[in-house]
Amino acid sequence: MSDMDFDAWLEGASPLESSVDVYPDGKVFGEFQAWEREYERLTAHAERTSGERSAGEVDPVAECEARGEALLERMKASRTTVFLRGISMADEEAVNAQYPLPDPVPGRPKLETPSLPDRPSSVQADAFLARVQQQQALISGWEQEHAKELEEYAIAVSKVLLARGVEKLQRAFVRMEQGGRVLTESMSVEQLKKFAARIGEVQLGELISAVDFASKARAEVPGDSDFLSRRFGSGQDS
């Protein structure tokens, strides 16, 4: 490969990317669940009454189906695809350094696992069990005594992990698309914080997992042209 060929190849190289579909209009899912329950009731009633209606009466099942179609269209319209690239180990270390974990609550007793012979006698087994229970009671007592501090520590850790996740998303963000249209190709940390609050913790977690996947996974390309037909079907009658 000549230097010119290598430079051309290098221009086309890029970190592995991943994509995730998120749904900012989360309330439509609750509406759709309510619709499903209503649809089940209406269809069950229609089966019991053989679908009998008076002249000119609107078919409630058909009307409900139309509302279901409208809700599905709202869900499709809400679907937004976020593209994320993998980040380097240096980026990961920089994020962790920027948002260090808080010091744990001091004084936690160390759990000492007692040893047990291969063929213990009943006395040895009883002593082992008593020692384990003693250790567990010691830890439990300490946790109860420091319950408030442990709760505050857990909240502090959650905030740090959230800040790390948002920072990683900002570094990994490539673009956001909705309905085939590019909404943005960059997002600030503040914008991502608002976006995260809008989509909720579960969908935010999916985005952060996608960054981790793109950062550590090995790209695998299907080995033959029959991949799509095997995955989605040929579209022809067999």
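The values are calculated or read from the model by the stated rules, or taken from the named source; none is laboratory data. All of these numbers come straight from a predicted model, not from anything done at the bench. Counting neighbours? That spans all protein chains shown, and the Cβs are built from the backbone with ideal geometry, glycine included. What goes into the accessible areas is simple: the full protein's heavy atoms, side chains included, and nothing from ligands, DNA or RNA. Shrake-Rupley method; radii C 1.70, N 1.55, O 1.52, S 1.80 Å.
Peptides 145-155, 17-27 ranked from most to least packed, by the mean per-residue count of other Cβ atoms within 10 Å: 17-27, 145-155.
Between residue 191 and residue 174, the modelled labels are 1.7 nm apart [label points 7 Å from Cα along Cα→Cβ].
Here region 149-180 and region 63-139 have alpha carbon centers that stand 16 Å from each other.
Within the shell of other residues whose beta carbon sits under 10 angstrom from the beta carbon of residue 168, the net charge comes to -2, with Lys and Arg scored +1 and Asp and Glu -1.
Quick check on region 77-173: take the gyration tensor over C-alpha atoms, sort the square-rooted eigenvalues as a ≥ b ≥ c, and tell me if it's rounded (a/c under 1.5), prolate or oblate. It is prolate, given that a/c is not under 1.5 and a/b is the larger ratio.
In this label model, residue 159 and residue 112 are separated by 3.7 nm, measuring between points 7 Å along each Cα→Cβ vector.
Electrostatic tally near residue 41: other residues with Cβ closer than 12 Å to its Cβ, Lys and Arg +1, Asp and Glu -1, net -2.
Here the accessible area is traced with a 1.4 Å probe on the protein chains. For region 30-145, carbon and sulfur cover 52 percent of it. Other residues with beta-carbon under 12 Å from the beta-carbon of residue 97 carry, at +1 per Lys or Arg and -1 per Asp or Glu, a net charge of -3. Rounded to the nearest 20, the Cβ-based charge dipole of region 97-180 about its Cα centre (Lys and Arg +1, Asp and Glu -1) stands at 360 debye.
Cross-link check: pairs 193/216; 148/216; 76/193; 76/194 evaluated at a Cα-Cα cut-off of 27 Å; pairs beyond the cut-off: 148/216.
Accessible area per residue for region 87-210 in Å², computed with a 1.4 Å probe and the full protein assembly in place, what is it?
It amounts to 68 Å² per residue over region 87-210.
As a fraction of the 1.4 Å probe accessible area of region 152-218, surface on carbon and sulfur atoms comes out at 52 percent. Once Lys and Arg get +1 and Asp and Glu get -1 on their Cβ, which of 116, 142, 90 lies farthest toward the positive end of the dipole of region 90-147? So the residue we want is 116. The tail of the calculated P(r) for region 31-129, taken as Cα-Cα distances beyond 24 Å, holds 68 percent of the pairs. Our summary gives region 53-174 a relative contact order of 45 percent, counting only alpha carbon pairs under 8 angstrom and 6 or more residues apart.
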